[in-house]
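First the structure, in the form of structure tokens, and then the observations on it.
The values are calculated or read from the model by the stated rules, or taken from the named source; none is laboratory data. Note that the structure is a prediction, hence the values are computed from the model and not measured. Here the Cβ positions follow ideal geometry from the backbone for every residue, glycine too, while neighbour counts run over all protein chains shown. We work out accessible area using only protein heavy atoms, side chains counted, and drop any ligands, DNA or RNA first. Shrake-Rupley method; radii C 1.70, N 1.55, O 1.52, S 1.80 Å.
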Amino acid sequence: DLRYRVVRDEAKGTVEGDDFVSLLSRAKWLSFRAERPKIYVPEPFAEMYVESEFTQGTRGFHHLFVRPTVGALFRLMEPVLLSVRGGFQFEALDPHRQLEPGFGFRLEAANLPVLSEGETKLVLRGFVDYFWASVGRRNTHTLRSTLDVSFALGKRFGAGVLLVVYGLRDEGRAFSVATNTTAFLRASFYGRRR
């Protein structure tokens, strides 16, 4: 996921509206589920989540957040997945970095059709990712969520709305939430080479 947006504000000049780079990589073991494809049969996995920004900001070090975890993934229905995980997180470039153990869950859906009439359809994509880290010390609660609602007009064109929510509660402070909503037009091309 790569996002960067600059906003022109008459009072403040040019303001960075969005600055985000993330990568989620997951390796799954499919044997259990292949033998018994039931909702309660898990797919064990190992996962690496990495997050950064294009600019350094005011931290004094470049933000490079790393969270390796292991857990179990459950297929609630196609294409809705629930995963529970445990692991740790840390700021890789912070000179005073600390490993913060924690656990959490992720609910995700990819191309979930809500309405469909011929080639016109309303499709949902998104995830809710919650992680509770540094349990018993800083007690950091992090919520990352994205919802993409797309209205496809045939195979080539579409319109939609993207909602991004980020929530954080750290060291006993109140839970704070930031949101970003973007409307978009989409043009697609699919091709095949032999």
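Could you give me the percent of Cα pairs per 5 Å distance bin for the range 1-46, shortest bin first, beginning at zero and ending with the bin that holds the maximum distance?
5, 17, 13, 9, 9, 7, 8, 7, 8, 7, 6, 3, 0
Going Cα to Cα from Lys155, which lysines come in below 28 Å? Please leave out same-chain ones fewer than 8 positions away.
Lys121
Between Leu107 and Arg192, what is the label-point separation in nm under the 7 Å Cα-to-beta-carbon projection?
3.7 nm
For the range 61-194, what is the accessible area per residue in Å² when the probe is 1.4 Å?
Values: 8210 Å² over 134 residues.
Accessible area per residue, the range 61-194: 61 Å².
Over the Cα atoms of the range 68-116, how large are the radius of gyration and the largest Cα-Cα distance (Dmax), in Å?
Every Cα atom of the range 68-116 included, Rg and Dmax give 15.7, 52 Å.
For an R0 of 45 angstrom, estimate the FRET efficiency from the Cβ-Cβ distance between Val7 and Phe32 and round to the nearest 0.05.
Numbers: r = 48 Å, r/R0 = 1.06.
E between Val7 and Phe32, to the nearest 0.05, is 0.40.
Sort Phe45, Phe74, Phe151, Phe189 by accessible area with a 1.4 Å probe, largest first. Display every interim value, and only then the final one.
Working: Phe45 10, Phe74 50, Phe151 95, Phe189 165 Å².
My answer, sorted largest first, is Phe189, Phe151, Phe74, Phe45.
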